[in-house]
Amino acid sequence: MQKGTSAGLGSGRRPTLRPVKKTLALTASAVLLAVAIAASAYFLLIERGGLPDDPILIAPEDTSVILRADVKRVVRSEVFQKLVEGRGLDAAVKELAEECGYDFVRAVDELFVFVRPEGETNTIALVGAGRFDVEAASRCFKTRMESDASLELEEMTLEGFRALGHESIRARVAFVGSRGIVLGEEPMVIDILKRVRGEIPRLDKDSHLAKLYRRMSPRRDLVLAAELPKGWHLAAHDVLEPRHAYELAPTLMHLHEFGLGLTLREELSFGSVLVFDEEAESARAHEAAERTLDAMKKNFFLSLTPVAPALAAIQLEREGKEVRVGLELTAEQIADVARVAKALGEDDEKE
């Protein structure tokens, strides 16, 4: 037999397990380190606020409407400053800040709104993502509730998160560390908190609502995606004049999805998608919209007002079951249109 034909055999040495033990020790250390990092990241995420950027990830089950607003961008936009702050339409927000001594608008980065149908009513939950002074925010909620409803909110825990509530009402306020606030009725708040922790499945990313939301969301400051329930068009009678409601009802009853995206900077950029259940219905809606728009453009009185450029900027398209609407206006154009609309409204009231 030749010497040294294999390690430890014919060499007179005993086989050693040191390399194996060293490898196992290094592997175990790496695994423990990875687990420690993952655990630290998880608790940091939960304790300091783990709200994801994508509201689809925390949308409650059976959500029919998702709205996201990039509050920072909206508030900084020229459109908002001229049309909202310039006209004092933010008075309620300022009043709340003065009363509570805490400015929620400055603290909120993004606002999510979820709507879930329950029977003949809708349940709404609001989620604010940002950097909050939890103690100041808590005092503000307590002060406002005591002022408005003579109720003293109590400290409680929901799904391991600090929360506020009262046994006589279903509404709850939950704090996701210092980076998130969830406001709504308790079942919906709990649903959202469980999704924050990843304890229950998230909204199907391939659902119609999720696809519509993501389609409308890129680079937009405000996004709305809605699945409309059957019979929703009947609500039009509550907000429209009887004649208009009667004319629109046959078309609206076939509209089952609606998406909207707004960008607010120096100008307003608007895009929307209306999805009908049949191509024939989308064609009918598109034709009706074109007729209405054409009639408004030919209106002699409107042609002499600042509304004319706004009408000319409206873009209407149809493809398959969809009707798309696009529009871009400057802050000045929007203000001009608002003034004309207000004047027309005042004339109608006089009549």
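The values are calculated or read from the model by the stated rules, or taken from the named source; none is laboratory data. These figures come from a predicted structure and were not determined experimentally. Cβ sites come from the backbone with ideal geometry, for glycine too, and all protein chains shown count toward neighbours.
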#### Entry: Scope the stretch 201-224; condition exposed (fewer than 14 other Cβ atoms within 10 Å of the Cβ), over 20 Å from Glu322 (Cβ atoms) and in contact (Cβ under 8 Å) with a residue 12 or more places away in the chain; matching residues
Lys205, Arg219
### Task
State all residues of the stretch 325-335 that are crowded, with 16+ Cβ neighbours inside 10 Å and either assigned by TED's automatic domain parsing to the domain that holds Glu78 or part of a helix (DSSP H, G or I) (or both); if no residue qualifies, say none.
Ala331, Gln333, Ile334, Ala335
#### Entry: Meets criteria (touching a strand residue (DSSP E or B) at 6+ places or on another chain (Cβ under 7 Å) and surrounded by 12 or more Cβ atoms within 10 Å (Cβ to Cβ)) for Arg106
no
### Task
Please find, among Ala295, Ala280, Ala338, Ala343, the residue that is of a type in the set (Gly, Ala, Ser), surrounded by fewer than 17 Cβ atoms within 10 Å (Cβ to Cβ), farther than 30 Å from Ser64 by Cα and at pLDDT 90 or above.
Ala295
### Query
Taking the stated definitions as given, is Leu151 in a loop (DSSP other than H, G, I, E, B) and modelled with pLDDT under 90?
yes
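For the structure I just gave you, tell me whether Ser138 is surrounded by fewer than 21 Cβ atoms within 10 Å (Cβ to Cβ), assigned to a loop (DSSP other than H, G, I, E, B), not assigned by TED's automatic domain parsing to the domain that holds Val325 and not charged (D, E, K, R).
On the way: surrounded by fewer than 21 Cβ atoms within 10 Å (Cβ to Cβ): yes; assigned to a loop (DSSP other than H, G, I, E, B): no; not assigned by TED's automatic domain parsing to the domain that holds Val325: yes; not charged (D, E, K, R): yes.
When the stated conditions are applied, Ser138 does not pass them.
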### Message
Any residue at all in the stretch 103-114 that's assigned by TED's automatic domain parsing to the domain that holds Val75, under 19 Å from Glu186 (Cα atoms), touching a residue at least 24 places away in the same chain (Cβ under 8 Å) and touching a Ser or Thr at 6+ places or on another chain (Cβ under 8 Å)?
### Response
yes
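Looking at the stretch 203-235, which of the residues that are assigned to a loop (DSSP other than H, G, I, E, B) and of a type in the set (Gly, Ala, Ser) is nearest to Asp62 (Cα to Cα)? So that I can check it myself, show each step before the final result.
Residues of the stretch 203-235 that are assigned to a loop (DSSP other than H, G, I, E, B), as a first pass: 203-207, 217-221, 228-231.
Okay, now just the ones that are also of a type in the set (Gly, Ala, Ser), so 207, 217, 231.
Numbers: Ser207: 11, Ser217: 20, Gly231: 17 Å.
Looking at the filtered set, the residue picked out is Ser207.
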